[in-house]
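Participant: Before anything else, here's the structure in question.
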């Protein structure tokens, strides 16, 4: 075999591996490209799923915040309406007081139900405390109305100049009856019974109170509820309503804190 023939044979033998290697490299390149495409697709799909989950969770959070804001507002409005009713009840005709009070008391109970379902754990105790105090207001409102209406009526019957030294009988009676009512819870039971007839005569002699109102005042004096001092208040202070204001403030601050906490942390999706 000549050198030329040997070269042809070697070339022929080398052609097969080179062609095979070329085809193999092309195949592997195609597989790598396909793998990259699949990987990119999977990454894109994963990102889309994560974005959808974030968007869905964020939507749930927004809806929950909206529901919570609505229930907080509804409960607070109902509680404030009850408090206003209790505050103004002494100026309402006696036969209309009970019905007016019942409407507002029922509204508070109704508004609390949705709030209880949506309130976060930190807010719920303040809501329950305010609800309980609203029940106290409703329980004491009618007695408070009788007592404070009587006090205001007796104050209107004082001497316009100097109630303490006035010698007008009706003015004196109004002033004495007012003093008895203010001091009534501080008396011993025996002292209250001994002063009861004196209170009755002062109410009658004041000429500023109808007999049915005087009878309601005497009936209340006979019972002397433990909350008498909180109900009657004074010229400046109104302890019963101050208690409501304090609990209302705590509830509002807690609601604001819950809203701020939710806004700062925002929606979070786990892996």
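Participant: Whether any residue in segment 84-95 is closer than 19 Å to residue 252 by Cβ, within 20 Å of the chain's Cα centre (by Cα), modelled with pLDDT of 95 or more and surrounded by fewer than 16 Cβ atoms within 10 Å (Cβ to Cβ) is what I want to check.
Facilitator: yes
Participant: Another question about this same structure. Checking the conditions here, which among 221, 246, 255, 150 is closer than 30 Å to residue 119 by Cα, within 41 Å of the chain's Cα centre (by Cα) and touching a residue at least 40 places away in the same chain (Cβ under 8 Å)?
Facilitator: 255
Participant: Any chance segment 108-120 includes a residue that's more than 14 Å from the chain's Cα centre (by Cα) and either assigned to a helix (DSSP H, G or I) or surrounded by 19 or more Cβ atoms within 10 Å (Cβ to Cβ) (or both)?
Facilitator: no
Participant: Does residue 132 satisfy the condition of being closer than 20 Å to residue 243 by Cα, exposed (fewer than 14 other Cβ atoms within 10 Å of the Cβ) and free of Cβ contacts under 8 Å to residues at least 24 places away in the same chain?
Facilitator: So residue 132 passes the test.
Participant: Working carefully through the options 126, 171, find the one that is without any contact (Cβ under 8 Å) to a residue 40 or more places away in the chain and crowded, with 18+ Cβ neighbours inside 10 Å.
Facilitator: Sole residue among the options that is without any contact (Cβ under 8 Å) to a residue 40 or more places away in the chain and crowded, with 18+ Cβ neighbours inside 10 Å: 171.
Participant: What pairs can you find where one residue is in segment 73-90 and in contact (Cβ under 8 Å) with a residue 60 or more places away in the chain, the other is surrounded by fewer than 16 Cβ atoms within 10 Å (Cβ to Cβ) and part of a helix (DSSP H, G or I), and their Cβ atoms are less than 8 Å apart, with a gap of 6+ or different chains?
Facilitator: Correct list of pairs: 76/252; 90/152.
Participant: Please go through segment 177-199 and give me each residue that is within 14 Å of residue 155 (Cβ to Cβ) and surrounded by fewer than 18 Cβ atoms within 10 Å (Cβ to Cβ), ordered by number.
Facilitator: 179, 182
The values are calculated or read from the model by the stated rules, or taken from the named source; none is laboratory data. Remember, predicted model here, so these are calculated numbers, not experimental data. All Cβ positions, glycine included, derive from the backbone under ideal geometry; neighbour counts span all protein chains shown.
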